[in-house]
Structure formats: C-alpha cells, structure tokens
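*Asks:* I'd like to ask some things about the structure below.
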Amino acid sequence: MESCIFCKIIGGEVSSEKITETDNFLVFRDMNEKAPGHSLVVPKTHIKSFLEMDRELYGEFMEVTKAATEKIMKDYKHESFNLIINDGEAAGQVVSHLHLHIIPRNVGDGYKICP
Ligand SMILES: [Zn+2]
C-alpha cells in the first residue's frame, strides 16, 4: 500500500533503526518511542489485522518477537517489557498495518498502558 508508513520502511523509502528481521518480518525502533528500545514487529506484507496473517506465519511471528525482545532487554538493560497489539480503531490502532509493540519497562517508569 503506497501511503503506508510501515510499507515505506520495509521498502527502504523511509529509514529506520533495524533491530532484526526474518524472511517475513521486520523489527525496528518506534519513531515515537515510549522508552529507549521501544520497537515494532511488522509483517513485510501489508495486512491490517492479527487475524489476517497467514497461518504458517504465526510461529515465525512469535520467534522473531522473542529474539527481538531478548536483544532489546540486553542492549537497553531493561527489567521488564509489555508486548501489545492494538488491533482495530477502537483498540487504538493508528497505522493500518499489523504491528506488535515491544515496550521495555522499568519499575517506576510511569508509563500507563491501555487496559
Ligand atoms: Zn503497510
């Protein structure tokens, strides 16, 4: 999708700080980070919802999320993390391209996540 910011990042039209990638997923730093190391896991094909992902990709999705989270915890020396998907407008999805937030957390950081 031409106007999608994540597709532009995947295509290299917009620069990003890459954490890791696989054949079907890219993980990069969120430009509006809530904490140092806050990153997004996105499929390289443009789909909007977690429910639209091809069945064979779910395993790879979890594997790349785990590998990226481990790297971020180590590199940025965080204690904890949230993994969040805002799926759909009512859930707060702003970019219509599936993305999972890896949000590093530390005690007392004061970041309020949606219930
Ligand atoms: Zn897209």
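Quick note: the coordinates plus some simple rules give every number you see, no bench work behind them. Everything numeric in this text was worked out from a predicted model, so none of it was measured.
*Asks:* Cα-based Rg of the chain per 2.2 N^0.38 Å, rounded to two decimals?
*Replies:* Numbers: Rg = 13.7 Å, N = 115, 2.2 N^0.38 = 13.4 Å.
That ratio works out to 1.02.
*Asks:* So if I take the centroid of the Cα atoms in the range 1-44 and the same for the range 71-112, what is the distance between those two points in Å?
*Replies:* 14 Å
*Asks:* Which of the aspartates and glutamates could a cross-linker bridge to K71, judged by Cα under 17 Å and excluding same-chain residues fewer than eight apart?
*Replies:* E17, E21, D30, E33, E60, E63, E79
*Asks:* If you don't mind, there's one more thing I want to ask. Run down the lysines and flag those whose C-alpha is under 18 Å from the C-alpha of K44, throwing out any fewer than 8 positions away in its chain.
*Replies:* K8, K18, K66
*Asks:* Next question. Could you work out how far helix 58-76 tilts from the main Cα principal axis of the chain, as a 0 to 90 degree angle to the nearest 10?
*Replies:* 40 degrees
*Asks:* Tell me, what ³J(HN,Hα) does each residue in the range 20-30 have, in order and in whole Hz, if you take phi through Karplus 6.51 cos²θ - 1.76 cosθ + 1.60 with θ = phi - 60° and put x for Gly and Pro?
*Replies:* Once rounded to whole Hz, the list reads 6, 7, 10, 4, 10, 9, 10, 10, 9, 5, 6.
*Asks:* Ok, one more. Starting from the Cα of K112, draw a straight line to each of the lysines and keep only those under 16 Å, dropping any in the same chain fewer than 8 residues away.
*Replies:* The reachable lysines, counting only those whose Cα sits under 16 Å from K112, are K34.
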